[in-house]
1. Return yes or no: is Val28 without any contact (Cβ under 8 Å) to a residue 60 or more places away in the chain, under 16 Å from Glu109 (Cα atoms) and in the same structural domain as Lys105 (by TED's automatic domain parsing)?
2. Suppose we filter Asp128, Asp99 for residues that are farther than 30 Å from Val254 by Cα, modelled with pLDDT of 95 or more and surrounded by fewer than 12 Cβ atoms within 10 Å (Cβ to Cβ); which single one remains?
3. Which of the residues spanning region 52-81 are of a type in the set (Asp, Glu) and in contact with a helix residue (DSSP H, G or I) (Cβ under 9 Å, 6 or more places away or on another chain)?
4. Could you list all residues from region 197-216 that are among the charged types (D, E, K, R) and surrounded by 16 or more Cβ atoms within 10 Å (Cβ to Cβ)?
5. Condition test on Arg162, is it touching a Gly at 6+ places or on another chain (Cβ under 8 Å) and basic (Lys, Arg)?
6. Which residue out of Glu244, Glu260 is surrounded by fewer than 18 Cβ atoms within 10 Å (Cβ to Cβ) and in contact with a Ser or Thr (Cβ under 8 Å, 6 or more places away or on another chain)?
7. Could you check how many residues of region 187-203 are among the hydrophobic types (A, V, I, L, M, F, W, C), over 13 Å from Gly153 (Cα atoms) and touching an Asp or Glu at 6+ places or on another chain (Cβ under 6 Å)?
8. Write out, first by first residue and then by second, each pair whose Cβ atoms fall under 8 Å of each other, whose residues are 6+ apart or on separate chains, and whose first residue, in region 236-247, is over 18 Å from Leu264 (Cβ atoms) while the second is among the charged types (D, E, K, R).
Amino acid sequence: MAQSARRPPDVIAAGAVVTRKGGDVLLVHRPKYDDWSFPKGKLDPGEHVTTAAVREVAEETGLDIRLGPPLGRQRYPIESGERRMKQVHYWAGRVVGDDDVSTYKPNNEIDEVAWVPRDKVRQTLHYDYDRQTLDALEPVRKKSYPLVILRHGRAKARKAWRKDDRERPLTEAGQFQAEQVVPVLGAYGVSHILTSSSRRCWATVAPYADVADLEMEDTDDLSEEDATPETVAEQVQHLLSLKEASVLCTHRPVLPMVFETLGLEPHSLRPGAVFVVHHRRGTVMATEHHDVSFR
């Protein structure tokens, strides 16, 4: 009896509030519900929410985007009167490349895609929870850049490794995490890679570097053996000065120094986890924390 009364798990979905120069917001029309809303959709099995948000926008609008700051989550019943709930994760989004939607081919799910002028978006949206998400966009509407702080994936145990600790490799689970983090970094459009010179760090970002065709910059300044508050601060400040998305891969003992430089409270990251700092002109605008699964 207790089992049957338990509420079923939420259906998880992801999407984005996509804007372009001038303030226009991207909306989609669903003929089934005759409503206008933001592009969104359910996660595929094993898919990360960040990856799903980018994929769903591409599928529903034909546009390629990269994620900006998170806009929180919506939670509401799937259908009126149903006990099952839907939880939708949203981000601010910006188009990569052409933002023309005039060639979009209507289908049964989405029959119209439109850039709606900023002053008409609120009245065009059908749901109050979408209007609340639109309100969350305002404080982070101006362009910012993501700095992804990545703790390396699971590595071989220290007690089982007799050689130089800098050469300690990832386990099979850690290698899987390195593969799993590829689409997450891609969702933010990471184009600059900075990593500790230790094998377990650069091996964590190497799969992304291969896929994105990027060079990795490795440094002893972020290694367990050589990192100091001064060297870490210098590296972090440099990344904050860049007008591009970047990733910094380092070790658990070094993370407190990274967060101190950012003026943030320390966060405990599990192996393979990411902490994303969205910054503008050296100021932190928003943050988010994501774990990456492993086998």
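1. no
2. Just one listed residue meets the conditions, Asp128.
3. Listed by number, the list holds a single entry, Asp64.
4. The answer is Arg199, Arg200.
5. No, not satisfied.
6. Glu244
7. Residues flagged as among the hydrophobic types (A, V, I, L, M, F, W, C), over 13 Å from Gly153 (Cα atoms) and touching an Asp or Glu at 6+ places or on another chain (Cβ under 6 Å) within region 187-203 amount to 1.
8. Once the first residue is over 18 Å from Leu264 (Cβ atoms) and sits in region 236-247, its partners that are among the charged types (D, E, K, R) give Ala245/Arg66.
The values are calculated or read from the model by the stated rules, or taken from the named source; none is laboratory data. Quick caveat, the model's predicted, so the values are computed rather than measured. All Cβ positions, even for glycine, are placed from backbone atoms using ideal geometry, and neighbour counts span all protein chains on display.
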